[in-house]
Every structure is written in structure tokens, then in C-alpha cells.
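*Asks:* Right, I'll just put the structure down here and ask away after.
Derivation of every value follows stated rules applied to the coordinates shown; laboratory data play no part. Predicted model only: the values in this text are computed from it and were never measured. Cβ placement follows ideal geometry from the backbone for every residue including glycine, while neighbour counts extend to all protein chains displayed.
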Amino acid sequence: MSRPLEESPYAFTVPALVEAVPAARDRVVDRARGLGLALDEELTYDLKLLTGELVANSVTHTQAACVVCVRWTGERLRVEVTDVDPISAAPSQALSTDEHGRGLFLVAAVATAWGSQRCAAGKKTWFELAVPVSAEATATLTSSHGEVPAEQAIGSREGGIHPLAEPVPIAGPHARVVHQAA
């Protein structure tokens, strides 16, 4: 089944392990290439860096799984990371001797646009990159085996897929979020 490029969100769940970050970066790059976007070496590096920062922040600070959504807006590639923490992400004031705390400054410096806002699940932190469409790409996308639309990935239950019209919270209303230094 073919869908217009603009209407092709793709989402997947990342387990609450910092070791899962490299695989998440690779999946985002693979999806961008699958959309027919022209990723040179620099754009690939930037996409991996930004994805890695947002996913690592999510799993480190929430100690919970997160959902990564990749979509083409018609002008930019947008990557969203949804997690259970309701506090919007903001750059911290890291000291020169601190080992952590500069990730969102990198995101702000490299991304075409970025932001963070509350959502039903907690918060959604996103970035966009201006990425050219490759000459071979067309205005449509053919769904490939193993890809799950965003609304299904967010609503999956016990390994099965349960499509929902609205995203569901990853944790219940009484979930406790504890931030710890990495």
C-alpha cells in the first residue's frame, strides 16, 4: 500500500537501556533513507547525534522505555521522542568540569528546529533537520515489512499490535519519575 511521503509516520519503542541507543539511531537513519531522503555523511552524522541525545536523555532520566517517531513534514525530517516524564526538556547550565549536561545545547546548535512539550504520555521532545529528497525518490512511499505506524507502536500491548486513535500514556497517573545523574 502506498501513502504520500508527508503522511508516513513510523514509530518504534526503545527499551529503557542506554545500550539500546545505537540501534535506535540506526533505525532512524534507515527510515530516513527509506523515505528517499538524501543523507550524505554529514547529515547522517547529525541525524545519529541528535537522535542519540534525545533517546539517551529519555531512557537515562526516566528509566523507562520511550517511543521514537520519524516523519517527513514535506520540508524537513522530524524525529520525536515521547517518554513518561511530564517536564519539558530544556538545556541545563553545565559547568566546564561536568561530564554531562550539554546534549540539548548540541541539539539546539545542530537541528534546524527543536522543542519539547507535554503530551498525554508525559512529554514529546523533537528535532527537525532540513534534508533534501534524493533524485530517485518519488512523492509516495511503499510500506515495507516490519514497519509499524506510529499510532500502533504507541498502543502496542504484550507484543501484539492494538491500533488506537489517541496515544496512550506509557505509565499510569501515579507513576513516579525519578531523575538521576548518569
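*Asks:* Net charge within 12 Å of residue 118 by Cβ-Cβ distance, Lys/Arg positive one each and Asp/Glu negative one each, not counting residue 118 itself? Before the final figure, lay out each step's value.
*Replies:* On the way: positive: 123, 124; negative: 83, 85.
Charge balance near residue 118 sits at 0.
*Asks:* Treating only the Cβ of Lys, Arg, Asp and Glu as charged (+1, +1, -1, -1), what charge dipole size does the range 21-69 show about its Cα centre? Round to the nearest 20 debye.
*Replies:* On the way: 5 positive and 7 negative charges, 52 e Å.
Result for the range 21-69 is approximately 260 debye, rounded to the nearest 20.
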